[in-house]
Amino acid sequence: MKKKFKYTFTILFLFLIMPTLEIQAEPDASPDPNQERKKFHIYLTPAYLARYTEYPFRTRPEKKTVTALYGLTNNLYMGLSYSRGESPEEKGMLSYTSPRNSSGTQDYKKTREGEYFIFKTQYFFGGNVYGSLNFGLEKGYRIEEKNFLLFQGNNMELRPYAKSTIYSDRHFASAGIGYRREIFEYFILGTEFEYGIMSSGKTNQHYTFDPQYYNGLPNSYINDQLIFRDRNKPTSEFMFISFYAGIAI
């Protein structure tokens, strides 16, 4: 991971010094560093690198992000970013069973994970180089596990047990520095490095089972309490590097 970040920082550094090299080579070609920009910048972020300081930590799934910005002035842009996250998932899967010579299945359902919105402010302070402030909200999601079926020989048994895990919404904020350039009049290319803080959110689990059937507490419930007692982790600092392309209108 460290090698990837060193390589990415090298690329970012080259992007940042490119305008300086061009100005030195052709001082009369672009005398005004604050060139006139289009009002609307819309771009897609298909490539990224992310890293968090806390482990284990509920990381944010980094999927494609769409950003739309409006230029209030030639240097100040404000707008929103949106990531749809991972699609909802519903499937049957094998489950752990304690009796020997037996197998089991369960129904697994997860709502959309990693959907988030970001309010972005960007200010161009040197040609195509800008600083940014970003404030975001990641929507929570839910995982349900139920219909535990136990197969042993020719017998099939439905176990009276269900578990629901709820992950709360989370807030995050970051500051960044980036480089974005309009090319061929209507296209833009850019990259941005962000450093910020993300809250851990809360994780709650709810169980439904019949104590008489299990003659007490189910083994799955006991294991969860022993292994996952500390579910709510501290906030985490994160680094995020993105590469994007889009249109300028």
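The values are calculated or read from the model by the stated rules, or taken from the named source; none is laboratory data. What you are looking at is a predicted structure, and each value in this text was computed from that prediction instead of being measured. Side chains are part of the model used for accessible areas, which takes the heavy atoms of the whole protein and leaves out ligands, DNA and RNA. Shrake-Rupley method; radii C 1.70, N 1.55, O 1.52, S 1.80 Å.
Couple of notes before you dig in:
- Sulfur and carbon atoms: percent of accessible area, segment 128-243 [1.4 Å]: 56
- In terms of overall dimensions, segment 64-167 has a Cα radius of gyration and Dmax of 23.6, 74 angstrom.
- Ranking PHE135, PHE193, PHE238 by solvent-accessible area of protein heavy atoms (1.4 Å probe, all protein chains present), from largest to smallest, gives PHE135, PHE193, PHE238.
- The tail of the calculated P(r) for segment 116-176, taken as Cα-Cα distances beyond 16 Å, holds 68 percent of the pairs.
- Cross-link pairs beyond the 29 Å C-alpha cut-off, checked among LYS39/LYS110; LYS64/LYS163; LYS91/LYS120; LYS38/LYS139; LYS120/LYS202; LYS120/LYS163: LYS39/LYS110; LYS64/LYS163; LYS91/LYS120; LYS38/LYS139; LYS120/LYS163
- Accessible surface comparison of MET239, MET156, probe 1.4 Å, protein chains only, largest first: the order is MET156, MET239.
- Sequence of HIS41, HIS171 when ordered by accessible area, the most exposed leading, probe 1.4 angstrom: HIS171, HIS41
- Solvent accessible area, Å² - ARG58, 1.4 Å probe, full protein context: 40
- Its Kirkwood hydrodynamic radius, worked out from the mean inverse distance over all distinct Cα pairs, puts segment 106-249 at 19.3 Å.
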